[in-house]
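The values are calculated or read from the model by the stated rules, or taken from the named source; none is laboratory data. Note that the coordinates shown come from a computational prediction; the quantities given were computed from them, not determined experimentally. Quick reminder, even Gly has a Cβ in these numbers, built from the backbone with ideal geometry, and neighbours come from all protein chains shown.
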Amino acid sequence: MHHRDLSEEYKADDDLEMTMVCHRPEGLDQLEAQTNFSKRELQVLYRGFKNECPSGVVNEDTFKQIYSQFFPHGDASTYAHYLFNAFDTGHTGSIKFEDFVTALSILLRGSVTEKLQWTFNLYDINRDGYINKEEMTDIVRAIYDMMGKYTYPVLKTDAPKQHVDAFFQKMDKNKDGVVTLDEFLLSCQEDENIMRSLQLFENVI
């Protein structure tokens, strides 16, 4: 009984804290200038964002919960983790409305190059400016996990690895074991298949 009181008290504290850290976005005018959305669209997006995230920021757990609803047949948590890090450009551990809208603007309305740069950033897990084979395998495996057995019933466990080996061979132009942003952009733009595969991943976002 006493334990419950304590947790109730803790919860009240928690709620209070939530209200205090409530984050207000920068002016919509500024966001309109920085993104490919109109002010009207930004208002609609903000309403949706606030609806899901009343505190104005999304932490990784919330992000995973929201994301897993879209992929009921698979386990989206690993991919959501990588995605969260790509959205969280300031490495603050939370996504603000600005972060969310900036990424969305690129993914929905950015140029091909902008989209590919964003995707490169997603794959460059340790943020060293290169994609190595392990990083690419981790992301591709996370995508397979998320899509679940229903989408890819015929795939064997080593399918992500084969997928990545083929990709990597095409992308790593100078065969130094890592893919730079330039190599990535070049490969994607010259090879329809790579572009299509990435398009598939983009639908996932």
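What are the residue pairs meeting all of these: first residue in the range 34-50, first residue over 13 Å from Phe100 (Cβ atoms), second residue surrounded by fewer than 14 Cβ atoms within 10 Å (Cβ to Cβ), Cβ atoms under 7 Å, and 6 or more apart or on different chains?
Here the result reads Asn36/Arg109, each pair linking the range 34-50 to a residue that is surrounded by fewer than 14 Cβ atoms within 10 Å (Cβ to Cβ).
In the range 51-71, how many are in contact with a helix residue (DSSP H, G or I) (Cβ under 8 Å, 6 or more places away or on another chain) and either surrounded by fewer than 16 Cβ atoms within 10 Å (Cβ to Cβ) or among the small types (Gly, Ala, Ser) (or both)?
Here the count works out to 6.
Can you name the residue in the range 73-87 that is over 8 Å from the mean Cα position of the chain (by Cα) and touching a residue at least 40 places away in the same chain (Cβ under 8 Å) and, of all such residues, is farthest from Val140 (Cα to Cα)?
Checking each candidate, the answer is His73.
Could you check Val154 against (1) buried (at least 18 other Cβ atoms within 10 Å of the Cβ); (2) modelled with pLDDT under 90; (3) over 20 Å from the mean Cα position of the chain (by Cα) and say which number it fails?
That leaves (1) as the condition not met.
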